[in-house]
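Asker: First the structure, which I've put down as structure tokens, then a few questions once you've had a look.
The values are calculated or read from the model by the stated rules, or taken from the named source; none is laboratory data. Please read these numbers as outputs of a predicted model, since none were measured by experiment. Quick reminder, even Gly has a Cβ in these numbers, built from the backbone with ideal geometry, and neighbours come from all protein chains shown. Ligands, DNA and RNA are excluded from the accessible area calculation, which covers all protein heavy atoms including side chains. Shrake-Rupley method; radii C 1.70, N 1.55, O 1.52, S 1.80 Å.
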6 protein chains.
Amino acid sequence: MAKQIIQVINPNTSQAMTETIAQAARAVVSPASEILAVSPSAGVASIEGHFDEAIAAVGVLEQIKAGREQGVCGHVIACFGDPGLLAARELARGPVVGIAEAAMHMASMVATRFSIVTTLPRTLIIARHLLRQYGFEHQCAALHAIDLPVLALEDGYGLARQKVREYCIQSKRQDGIGAVVLGCGGMATLARELTLELGIPIVDGVGAAVKMVESLLALGLTTSKHGDLAWPVAKSLSGPFSALN
Amino acid sequence: MAKQIIQVINPNTSQAMTETIAQAARAVVSPASEILAVSPSAGVASIEGHFDEAIAAVGVLEQIKAGREQGVCGHVIACFGDPGLLAARELARGPVVGIAEAAMHMASMVATRFSIVTTLPRTLIIARHLLRQYGFEHQCAALHAIDLPVLALEDGYGLARQKVREYCIQSKRQDGIGAVVLGCGGMATLARELTLELGIPIVDGVGAAVKMVESLLALGLTTSKHGDLAWPVAKSLSGPFSALN
Amino acid sequence: MAKQIIQVINPNTSQAMTETIAQAARAVVSPASEILAVSPSAGVASIEGHFDEAIAAVGVLEQIKAGREQGVCGHVIACFGDPGLLAARELARGPVVGIAEAAMHMASMVATRFSIVTTLPRTLIIARHLLRQYGFEHQCAALHAIDLPVLALEDGYGLARQKVREYCIQSKRQDGIGAVVLGCGGMATLARELTLELGIPIVDGVGAAVKMVESLLALGLTTSKHGDLAWPVAKSLSGPFSALN
Amino acid sequence: MAKQIIQVINPNTSQAMTETIAQAARAVVSPASEILAVSPSAGVASIEGHFDEAIAAVGVLEQIKAGREQGVCGHVIACFGDPGLLAARELARGPVVGIAEAAMHMASMVATRFSIVTTLPRTLIIARHLLRQYGFEHQCAALHAIDLPVLALEDGYGLARQKVREYCIQSKRQDGIGAVVLGCGGMATLARELTLELGIPIVDGVGAAVKMVESLLALGLTTSKHGDLAWPVAKSLSGPFSALN
Amino acid sequence: MAKQIIQVINPNTSQAMTETIAQAARAVVSPASEILAVSPSAGVASIEGHFDEAIAAVGVLEQIKAGREQGVCGHVIACFGDPGLLAARELARGPVVGIAEAAMHMASMVATRFSIVTTLPRTLIIARHLLRQYGFEHQCAALHAIDLPVLALEDGYGLARQKVREYCIQSKRQDGIGAVVLGCGGMATLARELTLELGIPIVDGVGAAVKMVESLLALGLTTSKHGDLAWPVAKSLSGPFSALN
Amino acid sequence: MAKQIIQVINPNTSQAMTETIAQAARAVVSPASEILAVSPSAGVASIEGHFDEAIAAVGVLEQIKAGREQGVCGHVIACFGDPGLLAARELARGPVVGIAEAAMHMASMVATRFSIVTTLPRTLIIARHLLRQYGFEHQCAALHAIDLPVLALEDGYGLARQKVREYCIQSKRQDGIGAVVLGCGGMATLARELTLELGIPIVDGVGAAVKMVESLLALGLTTSKHGDLAWPVAKSLSGPFSALN
């Protein structure tokens, strides 16, 4: 039987990160599904602020459209800010899940409170806004930034990965939490080993989102086309956006 | 390979409802898992208020302990009030998911706002409290009660099931929502047909919780034993509770 | 004239703690009332988590029923997690007040913000959830745990009591608060001496709840039997719960 | 033994309303206490908006000071907007309780949700702000105004009192609540008869506040003078305020 | 003296709407300032959902950059969803104000509660999310949609404008509010006449945002470049986004 | 053309502070407006708590009435607690803006989060309550008190002003914020120099409120007289308040 395809969209253009994300997705996908890891044809090499997110959102939409046309069954937006999430839901037929929301939902089911460890301090505000938007504010005890850029997670030196580990250890010791959410798609492959080492759930959103999409598909649930997330009102898109028509 | 067992606990003592719940769980479980549907050895025949919930919680704990000793991998609490959820997490090794939380989490990923349709008006307050506790208050547009007792869903006449359908239709038309959450384990088998008929996601928590447990297991995540949900502090349980020692 | 009886339920089975609670209740009760201090026939010796609370809730219900049959006028649930509170209200004719809610309400009337001092760190989450449920989140500045088990308050060595005192002093100095809420029924007899020593209100929930019940009775107010807290829907309780029929 | 005096301050200058309030207070006060009902020497005849409240607050302070000098043990502010409450606490030695807060606290202990019935629509905003400030927003299902001025409650015709009754009946039928809070000191004497007639708690804040003050006194708790509610910083008050020096 | 230029960005590509917006902006700008009304070189002709917003956000950024290079002093984003607002702030030297936030801020200063009248029902969710994000949820009494597309406001028939008027009238009568916020940049020129006709503040965000930008400039305040809104981290933008480098 | 007069009310009776406030207001007012700086004929010399605020509110109302009779176009209440704000709006024809709200609104438009620096610790609670009332709680990262009385800002020694500067520097370094709100009218003239020195927006409410009033006037918006803020219900004011008739 043909496998159902789950499209995992890395919203930035870094191939190394797309690989990391694909690897994390494939590590958890069920035998009935297949991961299609993609990234936008153009955009930013990493996402470290609202400006980067706004650019990346268009790339996400381009990929959602492409995925839909290729017949993928569901979509994951693999950047911790969930860029373009609601727009993507308007454009998609299948379910669309962001890695931030997936990680937060999952964390809230294995612990009463969690902390978040992310990259640059300036991305903390994005996590804060999502916590408020999704309703998890009261379940997040603390937010930490390792103060290294996103791509340091892929630089081969391992410093960033070491700092993630240190912040998780410190968070376990000091924050009064039961789980840690990793706040960047580039940290995805760290979750399992840190979970084992620290003995508490270290939650990666990439895996969480893949399983969430598979779950929704198994339940016969998909993005509601009634109301707020209905197909975009048809209108002519001009210029560089014409590919989205 | 031996399948992993997911224990689905009907917190009330109605065998008909245990069957309904088992059927809904088996309809969505993946090939790698097996459903073990159980109910407490003693308690209440249906759960329609806080008193019933308090009784049922002890039955849930009894079953969690039994399941743990039998080597089940995860647990579902299949009553919309999620009775005994945090207590069960203390007692369990694997993940424990309630059907109310699972349904709310899932609904929030396919629609911006949802409504809830439940049984007796007096159970609405339980749903309200869970919305607040879980952080979904701002995503729930309305709560409706069909004003029939829980067991009417199993009485063979179909009136209760017909009223659920009517409230879902009305909710779609009037509430400005994109999805409806079914607020009782006994409604579980209705979700798929109503989703097809109404063309919007009608979310059943039993299936949602089964997939959530499977997802957590696939991710290597389980109830955190660090902090708030650590094993209960050892102490001698007397009288009818001694079975929980 | 016969005195009205106020039943003070210690939800755990520790006789020493029942005595402590009874003493605190009798110290404040008005001449028109009499305290009947009781504890469940079976259950846990102390309450230090959600599991313990779930067990204790059944014992609370057993005592509520017994109290109602004996003609008591109102009930106090004397454990800081207010275990079984809403279930107890369904089962009771008279008013039922938990010591956590009573203490929080009282503290909010003598100070703009308060702190809580409790026993084990794992019970902090219970206080957090109650603050949210009752609406006092924004009035609680900090939560502290002395990191000793509940029964250390009764062990005759006084270490636990000394630590409560130290945390109250530190809270006064550092938290920017005007009052401290004692987060355990076993601390009840400390309130008055600490209030005098520290010169700020140190609020014990046992006394607060007794006065709240007396107040409701004097006002002719009792648990509403209209709607959410109506009598439990009649159903046969099986096994060890049959005493609750 | 000399009785402890509880000062009940009607913040407006209507003698009829002071009488109504005094009557409600005396109906519930315990034998150990005595009610001293007072009203400001100058101000507004009724309080129906923020302007009236600002004026009344000064009268409340004048009376708090007078009461303190007379040795009263505690104070009630008997207007549903709780005008000048925090200022009064700064000025008082004993506890100060407002009737809105007292009624809301009490209602939250006998029902899961309540409605409010008040006088003019423009006073609803005052109740809304207090609900938010005190943390009861999620426990208030609806607010109703009878659309008659405050003094209509004292006019001898009974129309206003009849409308209060009708709104309470309608609220019971439609709001999904278990209790009603009367939103004006002038409605105080209605509570007991409506409670009996309707069979649900109809909560009057005057009685509630008197009992709350008595409770605080019995517990040895009084307004915290540490921090936010410390004595006003000494400074010379000029003009008409010099009486407050 | 050279006037300071305030750039008013219509995020959609409709020239008619740019004109309407420019007109509203010019009607209120002070003599010291000059309005530069612009729209993106490519994008969508109207903004009626999250997808449209994501596209429009890139056009907003393109114009922010162009404006900055031309030396404009401040920027207005003239679409009620405030698309790209935080991204624009990262990219801008001067202040950036969205019309939704400006209108909500202004409305909250002339009334205790307001309603919103917007175009299509599907855009209500965008307003809801902004209310939550900005903190005005408790000050918004109701949201209404005239159920006509954005461009109907410019079609010359006047039906849409008539429906806006009707909804404002109805909102004044029924919502218990003191002001109405117009939820679309295309309604900007209606505000003044409706304010006069209805006798309550009808708040247009375009004018409000222009004055807010002028105010910030006069106060010497501009977007903070310390922390969350610092310049975007330098990185190479590829493809159609290279113009944003 | 005659200039429009904006009345800036210093709610305390300190002439030095009225001068400071007037200076800050005049520094930002537009050529079309003129500042009329006033203070109450009687009251308190500085406002450092709820008691002081209650007194000052009456002085504010006296000045609002005087201003209205003199034909001023709008009013600023220049004390950070916004004393008497809603009462003043009932009494005013033109817009009335408090400096706390103005500063918070402005700060939220130039930074995602801000801190507040105020005078005595006991005034922090007033700022906290306003943050909650206005909806800015989640945008305020920290509150700091320099622990010197209000009038130290005017004592000529400069210690208080130096401490404000130090707290702003520390807040920039530690709070994770982008802007600081000055929490006292007496700090108004510090804002511009600190903004320049620190390179982040240091927001003074006096200037902010003046610009907000000018903005509202330019937009043709004034306090809604429909509903909650309608003229006070006519009633005879007795004694020292008769001047307010």
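Asker: Mind checking whether some residue in region C:49-66 is under 24 Å from B:Val233 (Cβ atoms), free of Cβ contacts under 8 Å to residues at least 24 places away in the same chain and in a helix (DSSP H, G or I)?
Answerer: Among the residues of region C:49-66, at least one is under 24 Å from B:Val233 (Cβ atoms), free of Cβ contacts under 8 Å to residues at least 24 places away in the same chain and in a helix (DSSP H, G or I), which makes the answer yes.
Asker: Determine which single condition A:Val117 fails, assuming it passes every other condition in (1) in a helix (DSSP H, G or I); (2) more than 7 Å from every other protein chain (Cβ to nearest Cβ).
Answerer: In the conditions (1) in a helix (DSSP H, G or I); (2) more than 7 Å from every other protein chain (Cβ to nearest Cβ), A:Val117 misses (1) alone.
Asker: Would you tally the residues in region A:33-86 being away from chain E (no Cβ under 11 Å) and basic (Lys, Arg)?
Answerer: 1
Asker: Does region F:212-229 hold any residues that are open to solvent by 20 Å² or more (accessible area, probe 1.4 Å), within 7 Å of chain E (Cβ to nearest Cβ) and not hydroxyl-bearing (Ser, Thr, Tyr), and which are they?
Answerer: F:Ala218, F:Leu219, F:Gly220, F:His226, F:Gly227, F:Asp228
Asker: Let me ask something else about it. Mind checking which pairs have a first residue in region B:173-200 that is closer than 24 Å to B:Ile126 by Cβ and assigned by the TED database to the domain that holds B:Ala78 and a second that is modelled with pLDDT of 95 or more and open to solvent by 10 Å² or more (accessible area, probe 1.4 Å), Cβ under 9 Å, 6 or more apart or different chains?
Answerer: none
Asker: Could you check E:Leu36 against (1) part of a strand (DSSP E or B); (2) at pLDDT below 95; (3) not β-branched (Val, Ile, Thr) and say which number it fails?
Answerer: Every listed condition holds for E:Leu36 apart from (2).
Every residue, every condition in (1) modelled with pLDDT of 95 or more; (2) outside the structural domain of E:Val213 (by the TED database); (3) more than 28 Å from A:Lys225 (Cα to Cα), yes or no:
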{"site": "E:Gly74", "(1), (2), (3)": "yes, no, yes"}
{"site": "E:Ser115", "(1), (2), (3)": "yes, yes, no"}
{"site": "E:Thr119", "(1), (2), (3)": "yes, yes, no"}
{"site": "E:His144", "(1), (2), (3)": "yes, yes, no"}
{"site": "E:Leu151", "(1), (2), (3)": "no, yes, no"}
{"site": "E:Ala160", "(1), (2), (3)": "no, yes, no"}
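Asker: Only one residue in E:Phe80, E:Phe51 is in contact with a Ser or Thr (Cβ under 7 Å, 6 or more places away or on another chain) and at pLDDT 95 or above. Which one?
Answerer: E:Phe80
Asker: Please work out if A:Ile64 is open to solvent by less than 10 Å² (accessible area, probe 1.4 Å), more than 30 Å from C:Pro121 (Cα to Cα) and under 13 Å from the mean Cα position of the chain (by Cα).
Answerer: no
Asker: Please enumerate the residues belonging to region C:230-245 that are of a type in the set (Phe, Trp, Tyr) and surrounded by fewer than 21 Cβ atoms within 10 Å (Cβ to Cβ).
Answerer: Residue satisfying the conditions is C:Trp231 alone.
Asker: Right, here's the next one. Among the residues of region A:69-90, count how many are closer than 12 Å to A:Ile9 by Cβ and either without any contact (Cβ under 8 Å) to a residue 24 or more places away in the chain or part of a helix (DSSP H, G or I) (or both).
Answerer: The number of residues fulfilling the criteria is 2.
Asker: Another one. Filter region F:10-45 down to residues that are within 26 Å of E:Ser30 (Cα to Cα), of a type in the set (Gly, Ala, Ser) and in contact with a Lys or Arg (Cβ under 7 Å, 6 or more places away or on another chain), then give me how many there are.
Answerer: Total meeting the criteria: 2.
Asker: Sticking with this one: Could you go through region D:166-181 and let me know if any residue there is part of a helix (DSSP H, G or I), within 23 Å of D:Asn12 (Cβ to Cβ) and either open to solvent by less than 10 Å² (accessible area, probe 1.4 Å) or more than 7 Å from chain C (Cβ to nearest Cβ) (or both).
Answerer: yes
Asker: Let me ask another. Being open to solvent by 30 Å² or more (accessible area, probe 1.4 Å), within 15 Å of the chain's Cα centre (by Cα) and acidic (Asp, Glu) narrows it down to one residue among E:Glu69, E:Glu19, E:Glu34, E:Glu48; which is it?
Answerer: E:Glu19
Asker: List, please: which pairs have Cβ atoms under 6 Å, are six or more places apart or on different chains, and start with a residue in region E:146-166 that is touching a residue at least 60 places away in the same chain (Cβ under 8 Å) and within 14 Å of E:Ala16 (Cα to Cα) and end with one that is open to solvent by 30 Å² or more (accessible area, probe 1.4 Å) and not in a loop (DSSP other than H, G, I, E, B)?
Answerer: If the second residue must be open to solvent by 30 Å² or more (accessible area, probe 1.4 Å) and not in a loop (DSSP other than H, G, I, E, B), the pairs left are E:Glu154/E:Ala16.
Asker: Taking region B:133-142, which residues are open to solvent by less than 60 Å² (accessible area, probe 1.4 Å) and over 17 Å from the mean Cα position of the chain (by Cα)?
Answerer: Residues satisfying the conditions are B:Gly135, B:His138, B:Gln139, B:Cys140, B:Ala141, B:Ala142.
Asker: If you don't mind, another one. Looking at (1) surrounded by 23 or more Cβ atoms within 10 Å (Cβ to Cβ); (2) assigned to a helix (DSSP H, G or I), can you tell me which one F:His129 breaks?
Answerer: Among (1) surrounded by 23 or more Cβ atoms within 10 Å (Cβ to Cβ); (2) assigned to a helix (DSSP H, G or I), the lone unmet condition for F:His129 is (1).
Asker: Condition check: out of contact with any Phe, Trp or Tyr (no Cβ under 6 Å at 6 or more places or on another chain), within 10 Å of chain E (Cβ to nearest Cβ) and buried (at least 24 other Cβ atoms within 10 Å of the Cβ). Does F:Val97 satisfy that?
Answerer: Yes; evaluated as a whole, the condition is true for this residue.
Asker: While we're on this one: Among the residues in region E:192-201, are any within 7 Å of another protein chain (Cβ to nearest Cβ), open to solvent by 40 Å² or more (accessible area, probe 1.4 Å) and over 25 Å from F:Val206 (Cα atoms)?
Answerer: Yes, some residue in region E:192-201 is within 7 Å of another protein chain (Cβ to nearest Cβ), open to solvent by 40 Å² or more (accessible area, probe 1.4 Å) and over 25 Å from F:Val206 (Cα atoms).
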